[in-house]
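Input: a single structure, listed below in structure tokens.
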Amino acid sequence: MTQCLEDKALFLLSEGETNPEQQSHLQNCQTCTKRYYEIKQDLRLITATLRQEAPPLPRTPKAPILYRSLPIAAGVLLALALVLGDSRLWRQSPPSEQALNGDVSQFLEQVSEAVFDRATIREVETASSDSDLASVQVALGEKCSAECRELFINSLSTDIKSKAETVDRPVVTARRRSVDPAMQRMVSDRTR
Amino acid sequence: MADKETTSFEDLYKAHHSKVQRLCRILLKDAAEAEETDQEVFLKMFKQYQTAGWPQDWGAWLTRVTINACHDRRKSAWWKWWRSSNGELQLADYPSSERTPEQEALGREQRGHIWQAFRKLSARQREVFVLRYLEGWSTEEVAKMLSISEGSVKNHLFRAVHQLRKVLKKNGEGS
């Protein structure tokens, strides 16, 4: 072996490790022998220093105990917050449902206002169920009794009157028109 | 092996207290922690003393218990946090009394640097170094005490010695 030994090999030899090749190199190489004794000497110095009474250690104040209780306190607070928050949420659920319903109805109102005219809505509101049936029967070209026809005419006249009173806009009236026979059949089936 | 009938707890305490105290002070970095760990170790010793199963060698048993107690203490996250948030030892803290011929060769400042470098070693390196060179246990015994392989003990030892020598050389050249 011609190459000099590494520090680790020299240290391990000093620790009593037996490697014949390395030991023979150590005996023949002055540089390695010198390094080997340097390691031993340094180790003696270090050990002697550390064997001496240890330097006074810094004494930490009692603050760590306070800090150590922090996770417990945080845990308790979190648990409290969860329990209280949860119960409050449960209590708030019925009003929030009502509010939601109110919101929904308001929204639907706005949508219906946007889709239908206010006047049209009013027309629907004022029409009676009898006149509706009469209107439908007339619209579908069904045979209608005299009473029914009268109802229809009355409803038309009241509609026209109310429109003339309230809104200054073209009035949509139910006009007799040719009815799809399929639709007619469907309606008559249903009334039966 | 100590005889149970003739050896009192007080005798055992007197025989081993200074060694345990020194180990705690070397392995831990806080005086209060070292004291607490020291007491903890002797409490365990007292419990062991009261049982029928006495260890063969109280010295080895106490060393192992002390090492484990210090290890547990260091594992505490809060301890780690607290240690890291507190400053390092100051050179002025190191004792100035010179005792051995080797010590005389070393100046006070140099010794301070060695202690500082020692404190900066990893916990395992410190444990291995202390057990092997300061307590005088063999590599095999150290390996058994720490439940690691002999090769691992040698590796830790080499790294520790390498770090300490670096500091010694650096400051030796400087001074």
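Derivation of every value follows stated rules applied to the coordinates shown; laboratory data play no part. None of these values were measured; they are calculated from a predicted model. When we count neighbours, we look across all protein chains shown, and the Cβ atoms used for this are built from the backbone with ideal geometry, even at glycine.
A few points about this structure:
- Residue mean of other protein chain beta carbons inside 10 Å, B:131-138: 2
- Cut-off 20 Å, label 7 Å out along Cα→Cβ of residue B:48, residues of region B:128-152 by amide N: B:128-148
- Karplus-derived 3J(HN,Hα), 6.51/-1.76/1.60, for each residue of region A:7-17, Hz, glycine and proline x: 4, 5, 5, 5, 5, 5, 5, 5, 7, x, 5
- Phi angles across region B:149-157 convert, under the Karplus curve 6.51 cos²θ - 1.76 cosθ + 1.60 with θ = phi - 60°, into 3J(HN,Hα) values of 7, 4, x, 5, 4, 5, 4, 4, 4 Hz, Gly and Pro given as x.
- For region B:56-72, backbone phi angles converted through the Karplus equation (6.51, -1.76, 1.60; θ = phi - 60°) give residue-by-residue couplings of 5, 10, 4, x, 5, 4, 5, 4, 5, 5, 5, 4, 5, 5, 5, 4, 4 Hz, Gly and Pro being listed as x.
- Cα→Cβ-extended label distance, 7 Å offset, between residue A:17 and residue A:182, nm: 9.6 nm
- Per-residue Cβ neighbour rank within 10 angstrom, fewest leading, B:26, B:148, A:153, A:39: A:153, B:148, A:39, B:26
- Shielding by partners for peptide B:157-165, expressed as the average number of C-beta atoms from other protein chains within 10 Å of each residue's C-beta, is 5.
- Sorting the segments B:63-74, A:5-16, A:71-82 by their residues' average number of neighbouring beta-carbon atoms within 10 angstrom, most packed first, yields B:63-74, A:5-16, A:71-82.
- Placing R0 at 22 angstrom, the Cβ-Cβ distance between residue A:34 and residue B:166 gives a FRET efficiency of 0.75 after rounding to 0.05.
- Among the residues of B:22-29, the average count of other protein chain beta-carbon atoms within 10 Å of the residue beta-carbon is 2.
- Annotation: extensible slack from residue A:4 through residue A:150 equals 40.0 nm (criterion: 0.36 nm per residue apart, minus Cα-Cα distance).
- For region B:5-66, the set of GluC sites (Glu not before Pro) satisfying both a DSSP loop assignment and a count of at most 11 other C-beta atoms within 10 Å is given as B:5.
- Look at B:129, B:46 and count the other Cβ atoms within 10 Å of each Cβ; fewest to most, that gives B:46, B:129.
- Ordered by the number of other Cβ atoms lying within 10 Å of each residue's own Cβ, fewest first, A:29, B:24, A:4 fall into the sequence A:4, A:29, B:24.
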